[in-house]
Amino acid sequence: MTTAIEMRDITMSFGANEVLKGINLELEPGKVTAILGANGAGKSTLIKVLSGVYNDYGGTVIIDGVAVDIDHPTTARSYGIEAVHQKIADGVVPGLSVAENFLFEAIVNNDVPRASSLRGLMPKARDVASVLDLDWSDEVLRSDIYELPIADQQLLLLARALVHEPRLLILDEPTSALSETEADRLFEVIRRLRDDGVAVLYVSHRLAEIDAIADRLLVLRDGVFVNDQSRPFDWPQALHSMLGVAEADPHDRTGELHGTDNVLCLEGIQLLPRSSPFDLSIRDSEVTGVFGLLGSGGSELARGIFGVDAFKEGTMKLAGEPYKPKEPADAIARDVYMVPEDRAATTIIKEWTISMTSTFPFLRDVSRFAVLNPMAEAKVGRSVVEEFGVVAQGPNDPVVSLSGGNQQKVVVGRWLRKQPTVMVLNEPFQGVDVGARHDLAEKTREVAAAGSAVIVMSTDLEEIMQVSDRVIVLADGNLRHDAYLSETSREEILERLSEVE
């Protein structure tokens, strides 16, 4: 079979960070090729090279036997490459109607007159919508794009890509916002495109989806393909390739903690739209690690416990009493704390010092009669610097002046300096070096040993096995495994994760 698109020795770097390290890839017409990889493996970079978002790549892209230079998304489109990226906000244009978003590229390219009335655009917008049988009313087509549900925005972008009849369709986590019915419709479209000879590049963390739709599976790790399979897929082998070789035997670590009391009880909780409800009890005096691929439900579990977002279904009890936080302040009042996944977006404020960052959740501790006490604030900042080994000149240093690992020590330290009832850490080791990871893991275990129920979410199995006493495995929002580390193994964890339902 001829090749639709070929990539030869593709490299891509950001400064000194080499993200793609000599990628070779052939995409055949009429075949769905899936890419699986951990966060940071290079998947998004690869997609952006192919779709013309990044043009300073090394290597060669070949189409119909001819080397081409894909230097812009419009160039990629001229060669028949269409991409639907994971971030929906990057593809829709705020302030425009749904109809105008359907036709946005045509308007930009003057294929549709810019001065056309909204009424005049409606027939052409319906033509685009019909590609996916989207029978939306005129009222919907006239409404602002941000009034459209996220799932429908995703379908709009897909219809806009398909109307060009691509030779290569790239889909990056396309079902993340879709219901089961909408996902099934997408799979029907993909199968139809495959039968019509379109090459499809499908990027997803959902193993069941890849198993249902893909003809070929590639595993990307640290910027290179490390596994290439045809159906039927060997999922344990794929996950071993994706996650790498174990760094150390976790059972060499002495002092596994076993709690005795169920501090936080979750009953019938549903994490994702298509997942099954389950019960889970979190015990005191131990670290419970929650492991799963990106999108497995770990963040939803963390946010539900901390009152950021409510669970789809289910109830909670804390120390035997009903627990239903409507916002994080309710959780903090019950001594339930959380370190969020993205410290830069949700925790770090550019102008703030270490002391200000350290005391923010507990301003009453450093205030009197609603007036902040700078000396008390500085004392707390100093204690975080000293207790958590933050490399800084002092508590008045701007937190943004610190390295990523030291920023994370401040963020974690501001919560762990108190003794929480429940401590939730969502990806606490993300973007930190090995030394900082070790320090944070030891501090986390100290807090658990002192009586707290600690929950650590991570997509990195080695991190989970380094810090945890007990491991929970989530896949597509479903509970797959629950055991103490001394009672399980890395192989069993990966086997549970790889079970495709």
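With the requirement that a residue be basic (Lys, Arg) and modelled with pLDDT under 95, what does segment 275-313 give you?
Arg303, Lys312
Do you know which residues across segment 454-501 are hydroxyl-bearing (Ser, Thr, Tyr), farther than 25 Å from Glu209 by Cβ and part of a strand (DSSP E or B)?
Residue satisfying the conditions is Tyr484 alone.
From the set of residues in segment 376-434 that are free of Cβ contacts under 8 Å to residues at least 24 places away in the same chain and among the β-branched types (Val, Ile, Thr), which is farthest from Thr444 (Cα to Cα)?
Checked segment 376-434; the qualifying residue farthest from Thr444 (Cα to Cα) is Val391.
Just for segment 35-72: of the residues that are part of a loop (DSSP other than H, G, I, E, B), at pLDDT 90 or above and among the small types (Gly, Ala, Ser), which one is farthest from the chain's Cα centre (by Cα)?
Gly52
Kindly provide the set of residues from segment 418-449 that are surrounded by 19 or more Cβ atoms within 10 Å (Cβ to Cβ) and part of a loop (DSSP other than H, G, I, E, B), ordered by number.
Pro420, Glu427, Pro428, Phe429, Val432 - these are the residues of segment 418-449 that are surrounded by 19 or more Cβ atoms within 10 Å (Cβ to Cβ) and part of a loop (DSSP other than H, G, I, E, B).
Would a scan of segment 100-114 turn up a residue that is touching a residue at least 24 places away in the same chain (Cβ under 8 Å), among the β-branched types (Val, Ile, Thr) and within 29 Å of Lys43 (Cβ to Cβ)?
Looking through segment 100-114, none of the residues is touching a residue at least 24 places away in the same chain (Cβ under 8 Å), among the β-branched types (Val, Ile, Thr) and within 29 Å of Lys43 (Cβ to Cβ).
So the check is Cβ under 7 Å with 6+ separation or different chains; which pairs have a first residue in segment 146-175 that's among the aromatic types (Phe, Trp, Tyr) and a second one that's surrounded by fewer than 21 Cβ atoms within 10 Å (Cβ to Cβ) and not in a strand (DSSP E or B)?
Tyr146/Pro94
When the residues of segment 326-355 are narrowed to those that are modelled with pLDDT of 85 or more and exposed (fewer than 14 other Cβ atoms within 10 Å of the Cβ), which ends up farthest from Phe429 (Cα to Cα)?
Selected residue: Lys326.
Go through (1) over 25 Å from Arg274 (Cβ atoms); (2) of a type in the set (Lys, Arg); (3) surrounded by 13 or more Cβ atoms within 10 Å (Cβ to Cβ) and name the single condition Arg119 misses.
(3)
Residues of segment 450-484 being in contact with a strand residue (DSSP E or B) (Cβ under 9 Å, 6 or more places away or on another chain) and surrounded by fewer than 20 Cβ atoms within 10 Å (Cβ to Cβ), which ones?
Answer for segment 450-484, where residues must be in contact with a strand residue (DSSP E or B) (Cβ under 9 Å, 6 or more places away or on another chain) and surrounded by fewer than 20 Cβ atoms within 10 Å (Cβ to Cβ): Asp460, His481, Asp482, Ala483, Tyr484.
Of the residues in segment 187-246, how many are of a type in the set (Ser, Thr, Tyr), buried (at least 21 other Cβ atoms within 10 Å of the Cβ) and in a strand (DSSP E or B)?
So the count comes out to 1.
Kindly indicate which of Asp195, Asp228 is within 19 Å of Leu46 (Cβ to Cβ) and charged (D, E, K, R).
Sole residue among the options that is within 19 Å of Leu46 (Cβ to Cβ) and charged (D, E, K, R): Asp228.
The values are calculated or read from the model by the stated rules, or taken from the named source; none is laboratory data. Being a predicted model, the structure only gives us computed values, none of them experimental. Positions of Cβ are generated from backbone atoms using ideal geometry, with glycine treated the same way; all protein chains shown enter the neighbour counts.
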